[in-house]
Amino acid sequence: MTTDIDTKPPIYKRPLLIGGLALSVFLWLIDSLQHVLAEVGTISFLGLLALAGGILVMKPRSRSLAMTLPPRPLDRTAVEAAIAQAATALEQLNQTLATTPEGPLRVRVAAQAQALQTRWQALRPEMERAILRGAIVGGPSVGKTTLLNYLQGHTIPWEDPRMTWQEIAGLPLTTEQAIASATCWPQLAAQDVVIFLITGDLTESERHTLHQLQQVNLRTVVALNKPDQYLPDEWPLVLQRVRQQLQGTIDSADLVAIAPAPTPLKVRQQQSDGSMREWLEARPADVSALTDRLTTLVATEQPALILATTQRLAQQLQQEARATRNELRRQRALPVIEQYQWVAAAATSLNPVPTLDLLATTAINAQMVLDLGAIYQCPLSWQQAQTLATTLASQMLKLGLVEVSTQLLGNVLKGTSLTFVVGAAIQGVSAAYLTRVAGLSLVEYFAQVETATPDTGNMGDRLQQIVQTIAQTTQRSTLIQDFARQAIAALPQPNATPADAPLSQS
């Protein structure tokens, strides 16, 4: 099966790439005459001027990425729109799947696509259900199982069974985690009401989790449990502190104090003979504040709660469909990135002028932008591709990746027995590495943009974050060593000993 990538012209027929490389070679020829003309610094000036000119063309403008949270309660129109967006994401996934070559990846993704389609078909019936779903979450030893047993074993004062309950582990989240990537999220997104159990002042992770629950419009009741852990005069103070901590986060009525299984009270009684008798006296459970609040929610907010849950499920399905589609596109993009990284390595190693490394890499990256944009269905003009490639180069300069890559790869390559490595090949491998970082950054950028024509005038900040993340991942020592070995095998080696010479592991 052929794809749009398979029908692209070979590299030597791509004018943008050939023109950029020709400029690099031209500047190298000028540099070769430096000793004759005594014009030291000419090539550095020309190379940096060409790069700076491109950077000035695309001066980035900052843009806020803050999301607007959906209002509560939602109307049915907003939920229908979310369902339609999920359907579009599924259709796009199936279109990409249709152009994917046969193999294990296609079989696996086809099964995932079918499962997503089944879930999508259940979204509209989801809005018509009559029973609410509730979950109990919280940190270790806060009383989740005890409260679950209480709610399942006692008659709650509403007319018929209109809520089901389950306990979900995995919360609260640390501040470094995002709720969308938590293992508990698929279960949590399907709940209408969450009871968040705590036993004292809010921790940082509990604050973070509550904030995330609010962002996804998940109705949350905070239950302060285990009053018997405090002295009688301490308990009201603890409740007041928590109320202050939650101010502005949840409705004041959504903080309740409970005691579903209070610790028995030790009673001592002096007998008539002077001896002391001790026993444990059970204390009655007190969950009335919670059940009253749940009764109110069922009576006044049930339709809105179900709509909010349906919207979350539709949004989750849309995200999963996009992620699966991006996985397919990434698999098609990686060979393209590898192709261009070795072109960059060969071009730079045969043109050993340090100040031209980034210039030649930028020219190659511009053509790579066009090819990757086609894979991600983001068609770009040559000018847009040049702007995007130059932006990548400027971000790499800001982050110091040119110096870092040369140093890291140089330390690895100096341990080899290859005689040509110390000079030109270090620059070639560095150019290949920078091209790979650029390619992986583009893949992430196109996956995030998800538009047919990304705004190349407003991308500096986003690209900087992406490039920094990709660079940090690829700079791990083992990855650098593996990359250096691959690069040596791909480079032209006119004066080299066998290409499989061992590299230092230091």
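The values are calculated or read from the model by the stated rules, or taken from the named source; none is laboratory data. None of the values given here were measured: they were computed from a predicted structure. As a convention, Cβ positions derive from the backbone with ideal geometry for all residues, glycine included, and neighbour counts pool all protein chains shown. Accessible surface areas use protein heavy atoms only, side chains included; no ligands, DNA or RNA. Shrake-Rupley method; radii C 1.70, N 1.55, O 1.52, S 1.80 Å.
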> Tell me, which residue of the stretch 240-260 that is buried (at least 16 other Cβ atoms within 10 Å of the Cβ) and aliphatic (A, V, I, L, M) is modelled with the lowest pLDDT?
Replying inline: ILE250
> Within the bounds of the stretch 263-280, is there any residue that is touching a residue at least 60 places away in the same chain (Cβ under 8 Å), surrounded by 11 or more Cβ atoms within 10 Å (Cβ to Cβ) and either hydrophobic (A, V, I, L, M, F, W, C) or not in a helix (DSSP H, G or I) (or both)?
Replying inline: no
>> For the condition under 24 Å from the mean Cα position of the chain (by Cα) and crowded, with 17+ Cβ neighbours inside 10 Å, what is the one hit in ALA82, ALA110?
In response: ALA82
>> For the stretch 136-146: of the residues being touching a residue at least 60 places away in the same chain (Cβ under 8 Å) and either open to solvent by 50 Å² or more (accessible area, probe 1.4 Å) or part of a loop (DSSP other than H, G, I, E, B) (or both), which is farthest from LEU210 (Cα to Cα)?
In response: THR146
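Table: residues versus (1) part of a helix (DSSP H, G or I); (2) more than 30 Å from PRO227 (Cβ to Cβ).
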position	(1), (2)
VAL107	yes, yes
GLN114	yes, yes
ARG119	yes, yes
GLY134	no, no
LEU148	yes, no
> Of all residues in the stretch 244-262 being more than 20 Å from GLY143 (Cα to Cα) and of a type outside the set (A, V, I, L, M, F, W, C), which is nearest to the chain's Cα centre (by Cα)?
Replying inline: THR249
>> If a residue must be at pLDDT 95 or above and of a type in the set (Val, Ile, Thr), how many such residues does the stretch 116-135 contain?
In response: 1
> Do we find a residue being assigned to a helix (DSSP H, G or I), of a type in the set (Ser, Thr, Tyr) and at pLDDT 70 or above anywhere in the stretch 475-486?
Replying inline: no
>> I'm trying to understand the selection: among the residues of the stretch 213-239, which are open to solvent by less than 20 Å² (accessible area, probe 1.4 Å), closer than 30 Å to ILE306 by Cα and not charged (D, E, K, R)?
In response: LEU213, ASN217, LEU218, THR220, VAL221, VAL222, ALA223, LEU224, ASN225
> Looking at (1) over 18 Å from LEU297 (Cα atoms); (2) assigned to a strand (DSSP E or B); (3) of a type outside the set (D, E, K, R), which is the only condition GLN247 fails?
Replying inline: (2)
> Is there any pair linking a residue in the stretch 118-130 that is on the phi < 0 side of the Ramachandran plot and among the hydrophobic types (A, V, I, L, M, F, W, C) to one that is open to solvent by 50 Å² or more (accessible area, probe 1.4 Å) and not in a loop (DSSP other than H, G, I, E, B), with Cβ under 8 Å and at least six apart or on different chains, and which?
Replying inline: MET127/ARG76
> For ARG462, are the conditions met, namely being modelled with pLDDT of 70 or more, charged (D, E, K, R), in a helix (DSSP H, G or I) and open to solvent by 70 Å² or more (accessible area, probe 1.4 Å)?
Replying inline: no
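Yes/no matrix, rows are residues, columns are (1) closer than 30 Å to ALA113 by Cα; (2) open to solvent by 20 Å² or more (accessible area, probe 1.4 Å); (3) in a helix (DSSP H, G or I); (4) at pLDDT 95 or above:
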position	(1), (2), (3), (4)
ARG283	no, yes, no, no
VAL298	no, no, yes, no
GLU338	yes, yes, yes, no
TRP342	no, yes, yes, no
> Within the stretch 166-184, restricting attention to residues that are out of contact with any helix residue (DSSP H, G or I) (no Cβ under 6 Å at 6 or more places or on another chain) and at pLDDT 75 or above, which residue is nearest to GLN302 (Cα to Cα)?
Replying inline: GLN166
